[in-house]
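Just so it is clear, none of the values below were taken in a lab; they were calculated from the coordinates. Just so we're clear, the structure is a prediction, and the values are computed from it rather than from any experiment. Reconstructed Cβ throughout: ideal geometry from the backbone, glycine too, with neighbour counts over all protein chains shown.
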Amino acid sequence: MCTEKTPVVTAPQPAPAEGGLRARKKQRTRDSIRRHAYQLFAEQGYEATTVDQIAAAAEVSPSTFFRYFPAKEDLVHADDYNPMLAEALRSRPADEPVMDSIRLTLAESFDRILGGDREELLLRTRLTLTDPAVRAGAMDEQLRSQADVAAMIGERTGRPADDLDVTAAAAAIIAVSMAVVHHWAERDGAPDLADLYDRQFARLAEGLRF
């Protein structure tokens, strides 16, 4: 049976000099937990896989698992791509239209996103489409991603992230992203995902100008 979620006491923050090493160690632990979880999902199915099994496979305690992922569903919903995309977006020319910057940033990032995570992304998307427990939390993750994109647009344009034009544009971007990745997953990942994004975002850019 899955171990129940327990409160976790946050450890004291390290000294600044240790921050980089500590952050890398935490990211390695997070990546290991998720990698082993998806191996188990692929082997025995999402529902049949427990938190205890994932923790044992990753050689961490269940309490450590919950420190990184508050619930099993968060393995599917947690998205590490947005910070990477935000960093890449900052490198684009400041006078470039926002939608063009986002489209080109995605194109440049797909090798990194799909190089090691293609099967994980495919399985995550399938679970979002088919598993009731996972699907129930998908809206919360969609709203978080929308807020992240709105923040990116606001940073690029100097407009508030809660400006209606900005939030509506972010909502459109997320909706198109969801449609594209669902289309890709429903066809077993056969289409070129980067090409699908590029084509649909180019169409979206025709109506969204910042």
Relative contact order (percent, whole number), segment 16-71, Cα cutoff 8 Å, 6+ residue spacing: 30 percent
Based on DSSP H runs of at least 4 residues, each adding -39500 (n - 2.57), what is the mean residue ellipticity at 222 nm of the chain after dividing by all its residues, to the nearest 500 deg cm²/dmol? -24500 deg cm²/dmol
Per 0.36 nm of contour for each residue apart, how much would the distance between A56 and A151 grow if the chain were fully extended, relative to their Cα-Cα spacing? 30.4 nm
Mind checking which of R126, R144, R28 has the largest fluctuation in a GNM of the chain, springs on alpha carbons under 10 Å? R28
If each K or R counts +1 and each D or E counts -1, the residues other than D163 whose Cβ falls under 13 Å of its Cβ total -1
Would segment 80-199 count as rounded, prolate or oblate if I go by the C-alpha gyration tensor, calling it rounded below 1.5 in a/c and otherwise prolate when a/b exceeds b/c, oblate otherwise? oblate
Which of the DSSP-defined H helices in the chain satisfy a minimum axial length of 27 Å, computed from C-alpha atoms, and a minimum mean Kyte-Doolittle hydropathy of -1.0? 98-130, 132-157, 164-186
Only one of the values (1) 0.94; (2) 1.01; (3) 0.99 was calculated from this structure for Rg/Rh (Cα atoms, Kirkwood Rh); name its label. (3)
About the Cα centre of the chain, what is the dipole size in debye to 20, counting +1 per Lys and Arg Cβ and -1 per Asp and Glu Cβ, all else neutral? 480 debye
Gap in Å between the Cα centre of segment 15-75 and the Cα centre of segment 148-163? 32 Å
